[in-house]
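Scroll down for the structure; my scribbles are underneath it.
Where a number appears in this text, it was derived from the coordinates with a stated rule and is not lab data. Given the structure is predicted, the values throughout are model-derived calculations rather than measurements. All Cβ positions, glycine included, derive from the backbone under ideal geometry; neighbour counts span all protein chains shown.
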Amino acid sequence: MKKRRRPFIREERVAPWLTVAVILGLWWTGAYFLGGDAEPVPPGLTAVGRDASWEAGAGALGAPGASGAAGAAGAAGATDLARRSAEGANAGPMVPVSGIDASSLRSSFDEVRGGTRRHEAMDILAPRGTPVVAAVSGRIAKLFTSAAGGLTIYQFDAEERFCYYYAHLDAYAPDLNEGETVHRGQILGYVGTTGNAPPNTPHLHFAIYRLGADKNWWEGEPIDPFDVLR
């Protein structure tokens with residue numbers, strides 16, 4: 001009996017690339033025209049109130065648009081984290097989305113969102129429900145829900161020198177609690193679109209901050225995750 005030839009082989013090979021192109025197109029549309037993406041929001045402040053407080057000099061989250069000394073501090077933080085990563089596989093941060101290789105990442109730290117706000121984070125696209133894992137070992141400082149970030153996690157490293165921020169989560173991992181110690185690579189939650197993320201573009205909004213002396217989970221000097229993870 002002759003085997004039947006599979007029809008549309010060319011279409012089957014092309015379809016995945018078309019899907020990727022459509023997803024990327026939707027993401028860029030959301031990022032630039034909808035002003036999507038979140039940054040940490042202190043308790044009691046909306047995204048608008050937060051930006052207004054920065055402009056007034058309150059610096060609720062460490063003046064993310066600052067230059068000079070602040071920029072130098074951020075660069076020093078990235079260098080320090082990169083050095084720790086090079087010292088050992090368990091020392092430095094890992095890509096916080098399961099199945100994503102560092103070679104596929106791109107920097108969006110200096111991109112403008114919402115018309116005037118610098119992004120100061122990295123967007124990592126992945127299918128909804130993809131596990132979000134701890135970039136480093138350390139303590140869950142805060143589980144927080146905001147209009148901008150949706151379901152978010154603030155995690156300190158073991159030395160409590162840096163804070164790692166995970167936003168737009170679809171859900172937290174079962175039994176994840178504030179104050180508990182998690183390990184590098186442990187599942188914390190799942191990629192989603194909560195908050196102001198474009199609903200058809202699931203991704204993780206990932207940020208890193210150097211903590212101040214007060215160790216407040218909502219403030220610190222921003223560091224480009226791309227310089228740390230690449």
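Placing +1 on the Cβ of every Lys and Arg and -1 on the Cβ of every Asp and Glu, with nothing else charged, gives the stretch 134-208 a dipole about its Cα centre of roughly 140 debye. Comparing Cα centroids, the stretch 189-222 and the stretch 100-130 end up 11 angstrom apart. Across the stretch 194-224, the residues whose backbone nitrogen lies under 15 Å from the label position 7 Å along the beta-carbon direction of residue 160 are 211-219.
Rounded if a/c is under 1.5, else prolate if a/b beats b/c, else oblate: with a ≥ b ≥ c from the C-alpha gyration tensor eigenvalues square-rooted, which is the stretch 97-230? In terms of gyration-tensor shape, rounded.
In plain terms, the chain from residue 106 to residue 187 could stretch by 26.9 nm, reckoned as 0.36 nm per residue minus the Cα-Cα distance.
Residue by residue, the stretch 144-152 carries 3J(HN,Hα) couplings of 9, 10, 9, 5, 7, x, x, 6, 10 Hz when phi is fed to the Karplus relation 6.51 cos²θ - 1.76 cosθ + 1.60 (θ = phi - 60°); x denotes Gly or Pro.
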